[in-house]
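Undergrad: For reference, the structure I am asking about is given below.
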Amino acid sequence: MKKILVPTDFSKHADYALKVAASIAKKHNGELVVVHMLGLSEAVINKDESQEVMEALYYMKLAEKRFEEYLDKDYLEGVHVETTIQNYRVFTEVGNLAKNLNCDLIVMGSNGASGWNEVFVGSNTEKVVRTSEIPVLVIKEDQEEFTIDKAVFASDFKKENLLAYRNAMKFFQIFDTEVKLLYVHLPAEQFKSTYEIEDRIVNFLSKSKLDDAHSINNVVFQNAYTVESGIFNYSNKVKADVIAIPTHGRRGLAHFFSGSIGEDVVNHSEIPVVTFKI
């Protein structure tokens with residue numbers, strides 16, 4: 001974790017994310033890049049009229065001043081922090097910025113289904129999650145002492161999830177994390193035999209070409225009426241520090257997280273969620 005990108009709107013939820021990012025950076029000798037999305041319209045920026053130009057400069061200076069105050073925090077002591085102000089209005093650009101800066105991780109704050117206050121409204125967190133090629137860690141609550149000692153990786157163990165699984169295992173290896181593999185079995189899937197599901201998982205783990213740390217014996221089968229409830233029930237039961245899920249990029253969320261399930265997990269989980277692109 002040499003470089004971590006932290007988008008901020010200067011809200012308390014963004015502060016939660018910054019605090020977690022700082023904790024990770026300290027433990028892994030990394031640095032932070034904190035980005036603020038200014039969100040001025042192109043019409044304002046491109047106009048020659050002095051009033052519009054002055055308005056753009058005013059908001060730039062205001063953001064710079066807020067950065068000075070916002071980054072004056074005890075938990076940032078000893079952490080190298082760079083700042084950048086971008087005029088993105090489309091939140092998919094956050095992932096592109098992280099990639100261009102060679103960041104290893106994006107850490108975002110979120111207040112849940114209603115999105116972020118001020119700039120980060122609606123489903124902008126979910127937009128970043130779906131489009132970023134860089135892992136995204138979503139933080140909801142203030143973490144007094146953030147650790148990733150235990151994680152739950154939920155999947156349907158179909159071959160399209162192999163890349164996400166490999167990247168997740170590499171990620172958790174950095175933190176020396178104990179990873180629990182989870183398959184949520186829904187009532188609608190009762191026509192599938194246990195043998196069929198287990199055979200799929202065995203093939204999946206074999207094709208991952210990782211070591212034999214994970215086998216079918218390490219996979220937990222959780223019966224639930226919804227994938228979301230199955231993930232939450234098991235993760236709370238084992239007291240997981242993080243829930244990991246695969247995402248399907250611009251084409252939407254992975255089949256296992258079809259519809260709004262992936263977004264629901266990100267929005268409704270009180271446990272931090274980290275996502276990996278398929």
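Undergrad: Karplus couplings for the range 133-141 from phi (6.51 cos²θ - 1.76 cosθ + 1.60, θ = phi - 60°), rounded to Hz, Gly and Pro as x?
TA: With the stated coefficients, the range 133-141 comes to 7, 8, x, 10, 9, 9, 10, 9, 10 Hz.
Undergrad: Cβ neighbours within 10 Å, averaged per peptide: list 128-140, 11-23, 215-227 in order, most packed at the top. List each step's numbers first, then the result.
TA: Details: 128-140: 23.7, 11-23: 21.8, 215-227: 14.5.
Packing proxy ranking, top to bottom: 128-140, 11-23, 215-227.
Undergrad: Let me ask another. Take peptides 267-277, 163-173 and line them up by average Cβ neighbours within 10 Å, highest first, as a rough protection proxy.
TA: Values: 267-277: 21.2, 163-173: 18.1.
Those peptides, ordered most packed to least, come out 267-277, 163-173.
Undergrad: Take residue 96 and residue 159, extend 7 Å from each Cα along the Cα→Cβ direction, and tell me the distance between the two endpoints in nm.
TA: 3.2 nm
Undergrad: Taking amide hydrogens as modeled 1.01 Å from N in the peptide plane, which residues meet the under 5 Å criterion relative to residue 185, leaving out close sequence neighbours?
TA: Excluding prolines and chain starts, which carry no amide H, the hits are 222, 223, 224.
Undergrad: How large is ³J(HN,Hα) for each residue in the range 16-33, as worked out from phi by the Karplus curve 6.51 cos²θ - 1.76 cosθ + 1.60 (θ = phi - 60°), to whole Hz, x for Gly and Pro?
TA: 4, 5, 4, 5, 5, 4, 5, 4, 5, 4, 5, 6, 10, 6, x, 10, 10, 10
Undergrad: Using modelled backbone amide H atoms (1.01 Å from N, in-plane), which distant-in-sequence or interchain residues come within less than 5 Å of residue 9's amide H?
TA: For residue 9, whose amide H was placed from the backbone, the distant partners under 5 Å are 14.
Where a number appears in this text, it was derived from the coordinates with a stated rule and is not lab data. None of the values given here were measured: they were computed from a predicted structure. Here the Cβ is made from the backbone with ideal geometry for all residues, glycine too, and neighbour counts use every protein chain on show.
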